[in-house]
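S.K.: There's a structure below that I have some questions on.
The values are calculated or read from the model by the stated rules, or taken from the named source; none is laboratory data. Note that the structure is predicted; figures quoted are calculated from it, not measured. Every residue, glycine among them, receives a Cβ derived from its backbone with ideal geometry; neighbour counts consider all protein chains shown. Side chains included, ligands, DNA and RNA excluded: accessible areas come from the protein's heavy atoms. Shrake-Rupley method; radii C 1.70, N 1.55, O 1.52, S 1.80 Å.
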Amino acid sequence: YDELRPLTCDGHDTWGSFSLTLIDALDTLLILGNVSEFQRVVEVLQDNVDFDIDVNASVFETNIRVVGGLLSAHLLSKKAGVEVEAGWPCSGPLLRMAEEAARKLLPAFQTPTGMPYGTVNLLHGVNPGETPVTCTAGIGTFIVEFATLSSLTGDPVFEDVARVALMRLWESRSDIGLVGNHIDVLTGKWVAQDSGIGAGVDSYFEYLVKGAILLQDKKLMAMFLEYNTAIRNYTRFDDWYLWVQMYKGTVSMPVFQSLEAYWPGLQSLIGDIDNAMRTFLNYYTIWKQFGGLPEFYNIPQGYTVEKREGYPLRPELIESAMYLYRATGDPTLLELGRDAVESIEKISKVECGFATIKDLRDHKLDNRMESFFLAETVKYLYLLFDPANFIHNNGSTFDAVITPYGECILGAGGYIFNTEAHPIDPAALHCCRRLKEEQWEVEDLMREFYSLKRNRSRFQKKTMSSGPWQPPTQPGTVSSPESHDQAREKKPAKPKIPLLSCPSQPFTSKLALLGQVFLDSS
């Protein structure tokens, strides 16, 4: 089943009937060190999961939980001791499953604007009567998973549709630089014009930053920084973030939503630590008041909002604590982690799992354990208290793997978490494809390398008869064969900015370019 029901010790399907919790929690097993269970679940998924089913599924949730979970597990398979097939990470059963799931989502993007529908039938595509109204996050939360998928499979369609959707949102912002909450994907007209950083918008901003880091895309980061300025100007009050009208900037809802607690972690990724800590401490006061974060909290009244008093064991505040602790080492962040562990254990733990807290005022429970509890909440708590975890690798260790495109480096750190806490190794994006410009750069370097070797051999022979070798007047220059000149003439003009901006390294050492590694075989 998709989810556990911890009070009745059984399960039920919620998001699509495709073993959601098993997929969502798979990489958590490895991060916790449970390698044998990771291996067992990989086999279970291969034998039992089928996406060719007549089910209406959330495009957003299927992407972040299923596609993201499968991609992360695929990239971590070798580390978990799974026997990977030849060509990994450019091929593998989990990658094929991720691609199959993502292809089921592609019909949702076939709209006049390029912004996707919110729901798709996995067997038939978009239903004829499907509503065209989609939340902002449901449009702008694909670039991490889809760009990774395009890089690993070589099919650009996934990254292309994700980028179009991002750009359409960007072009739809108001004159004061804000976006609303829901938009009609057929007309591009805003339906809900409340602007904030929380529910319905949140991961759009998150993916501009994480997409920029993952893809080294300055344009995505520039887009976020412009949004960030507008958010500070119109929605921030005393380090709280309110909801405002997207065209006027007037306050529409003076509430905090628990989903907004990701924001300090996102601020830490762009280096805005001081503002991040101040906002985090505001949110932490709510946690200490209730032993959890209610879904909505009225800031002026200092209390919960009616019918929004629950806490479904969400990860966002813990996520921010993990990021900020990595950045600052501030022990206050560990205190939040301790409080979270104690609250969840005391209030939520039952015989068969951890139950959603229906009401933080009286600690009544609901018979549901969302998959994000194991995928995110447990994972971020563990990583907060485990500084030596491989996820925190600073590049001091890595794995060199052979792919059909040469040797590449994996596992060196710098993991990018998708919005469901599935870590993506950014180096993997360069293992399975090379842009033409990169390929030419590599070819030029390799020609120069072998030319140096030939020249060195000639000089060594020459010194045997003509005395000590004298260096050329221009160190580093080598003569190029005629074929090399001809090859250059056939190429289009190269980019003005060199792809290699690092200092030159001696060719007797390893040469790495965007994840491709070459060895001096001599």
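S.K.: Cβ under 14 Å from A80's Cβ, A80 left aside: what net charge do those residues give with Lys, Arg +1 and Asp, Glu -1?
M.R.: So the environment of A80 carries a net charge of -3.
S.K.: Can you list which of the trypsin sites (Lys or Arg not before Pro) found in the range 138-202 are DSSP loop residues with at most 16 other C-beta atoms within 10 Å?
M.R.: Passing both the DSSP loop test and the Cβ count: K189.
S.K.: Subtract the Cα-Cα distance of D362 and R326 from 0.36 nm times their separation in residues, and report this length gain in nm to one decimal.
M.R.: 9.5 nm
S.K.: Please identify the GluC sites (Glu not before Pro) of the range 73-128 that satisfy two criteria: DSSP loop assignment and at most 14 other Cβ atoms within 10 Å. Which are they?
M.R.: E83, E85
S.K.: Among 374-385, 7-18, 127-138, 251-262, how do they line up from the highest to the lowest mean number of other beta-carbon atoms within 10 Å?
M.R.: The peptides rank, most packed first, as 374-385, 251-262, 127-138, 7-18.
S.K.: Can you pick out the pairs among K104/K218; K248/K358; K104/K346; K189/K210; K189/K364; K189/K379 whose Cα atoms lie more than 32 Å from each other?
M.R.: Pairs exceeding 32 Å: K248/K358; K104/K346; K189/K364; K189/K379.
S.K.: On the accessible surface of the range 166-231, probed at 1.4 Å, how many percent belong to carbon and sulfur atoms?
M.R.: Answer for the range 166-231: carbon and sulfur cover 51 percent of the accessible area.
S.K.: What does the highest-first list of 179-187, 144-152 look like by mean Cβ count within 10 Å?
M.R.: Result, highest mean Cβ count within 10 Å first: 144-152, 179-187.
S.K.: Sorted by accessible area (1.4 Å probe), largest first, how do K349, K210 line up?
M.R.: Ranked list, largest accessible area first: K349, K210.
S.K.: At most 15 other Cβ atoms within 10 Å and a DSSP loop assignment: could you name the trypsin sites (Lys or Arg not before Pro) in the range 237-333 that fit?
M.R.: K248, K307, R308
S.K.: I would also like to ask the following. Q110 to I53: FRET efficiency via 1/(1 + (r/R0)^6), r the Cβ-Cβ distance, R0 22 Å, to the nearest 0.05?
M.R.: So the FRET efficiency works out to roughly 0.60.
S.K.: In what sequence, highest mean first, do 68-77, 268-277 appear when ranked by Cβ atoms within 10 angstrom?
M.R.: Per-residue mean Cβ counts within 10 Å order the peptides as 68-77, 268-277.
S.K.: When N counts the residues of the range 257-386, how does its alpha-carbon radius of gyration compare numerically with 2.2 N^0.38 Å, as a ratio?
M.R.: Cα Rg divided by the expected 2.2 N^0.38 Å: 1.00.
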